[in-house]
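> There's a structure below that I have some questions on.
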Amino acid sequence: MLKRSMGLLLAVLAGLMLSVAASAQTPTQPASANSDASSPTPDLSGIWMRLRDKGAVARGYPGIVLDLAQATELPMTPWAAAKYKVNSAIYHGDNPDNVLSDPVFSCYPPGVPRIYLFGFPMQIVQVPGQVIMLFEYDHFVRRIYTDGRPHDMNQGPLWMGDSIGKWEGDTLVADTVSFNDKTLIDRVGHVHSDALHVVERIRRVDPASLEIGLTLEDPQTFTTPWSTKLIFETKADWKIMEQICEDNASFIDFNKESTKKPATKKPATKKPAK
């Protein structure tokens with residue numbers, strides 16, 4: 001009986017030792033892993049196309065085509081207003097060659113938020129620590145880092161800026177700085193400086209709709225920050241196609257032909273009656 005009791009005691013002690021050893025070898029999970037499990041990251045993934053005109057207005061958004069100014073003009077400083085006046089005359093003029101002074105026609109990146117205003121879809125891909133935007137337009141790739149890193153201030157001025165983000169409920173708040181001053185905000189000539197600061201609030205309104213709220217701040221260009229919203233619809237059966245910046249020479253010919261005013265027909269003269 002004593003031998004049996006001793007055997008049971010030794011077995012229990014051995015089990016306890018194995019349990020302690022196993023616990024010591026199991027790595028402690030970071031707190032973030034537990035929080036991720038309790039609140040999964042919202043899903044923004046998919047291929048998205050911006051709604052314009054009637055499609056956007058029907059959902060309560062402005063019908064934005066080329067211009068972010070909407071019904072009222074942007075709150076510009078005198079410097080920006082002077083620049084815009086010159087650019088606006090170019091874009092609304094009759095000479096298509098002047099429009100080609102726009103940096104995008106020299107194959108330069110369009111910057112943010114103008115990248116959203118082209119008539120091409122984008123795909124959002126989410127991986128741990130990043131939300132990646134794949135634009136069909138010239139195959140630009142934009143990365144919004146969500147791993148808690150600060151802005152990389154060691155980089156020089158950038159065409160598309162440096163973007164970091166964080167989640168607030170179902171919304172990705174993207175913060176972008178470190179722009180150069182070589183891009184335009186839209187197609188009608190609104191400028192910005194290298195002090196531009198863009199904040200985007202990106203959320204999936206419903207399974208088929210994505211909303212991007214934009215707030216732009218630039219003390220050299222705007223007298224006060226201003227905001228607008230863009231709405232996108234999902235294109236589940238689409239794919240991102242190949243699209244490249246074509247040779248400017250052929251584009252100039254195309255642009256001249258497509259913007260040529262039709263010839264005015266002279267009214268037929270009536271022959272005098274005999």
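Just so you know, all these numbers are worked out from the coordinates, no wet-lab data involved. Remember, it's a predicted structure, so these values are computed and weren't measured experimentally. Here the Cβ is made from the backbone with ideal geometry for all residues, glycine too, and neighbour counts use every protein chain on show.
> Using modelled amide H (1.01 Å from N, peptide plane; none on Pro or chain starts), what sits under 5 Å from the amide H of Lys229, excluding residues fewer than 5 places away?
Excluding prolines and chain starts, which carry no amide H, the hits are Leu214.
> Expressed in nm to one decimal, what extension gain is obtained for the pair Asp237 and Trp159 from 0.36 nm per residue of sequence separation less their Cα-Cα distance? Spell out each step's value before the answer.
Details: separation 78, 0.36 × 78 = 28.08 nm, distance 3.10 nm.
Contour length minus Cα-Cα distance gives 25.0 nm.
> Further, regarding this structure: In whole Hz, with x marking every Gly and Pro, tabulate ³J(HN,Hα) for region 202-217 from phi via Karplus 6.51 cos²θ - 1.76 cosθ + 1.60, θ = phi - 60°.
10, 8, 8, 5, 8, x, 10, 10, 10, 10, 10, x, 10, 10, 10, 10
> How far apart, in nm, are the 7 Å Cα→Cβ label points at Val127 and Asp152?
According to this spin-label approximation, the distance is 1.4 nm.
> Next question, about the same structure. Can you put His92, His192 in order, fewest other beta carbons within 10 Å first?
Neighbour counts put them in this order, fewest first: His92, His192.
> Just check region 108-150 against the gyration tensor rule for me: Cα atoms, a ≥ b ≥ c as the square roots of the eigenvalues, rounded for a/c under 1.5, and otherwise prolate or oblate depending on whether a/b exceeds b/c. Before the final figure, lay out the partial values.
Details: a/c = 2.83, a/b = 1.81, b/c = 1.57.
Verdict is prolate for region 108-150.
> In nm, to one decimal, how far is the Ser106 label point from the Asp175 one, both placed 7 Å along Cα→Cβ?
Here the answer is 3.3 nm between the modelled labels.
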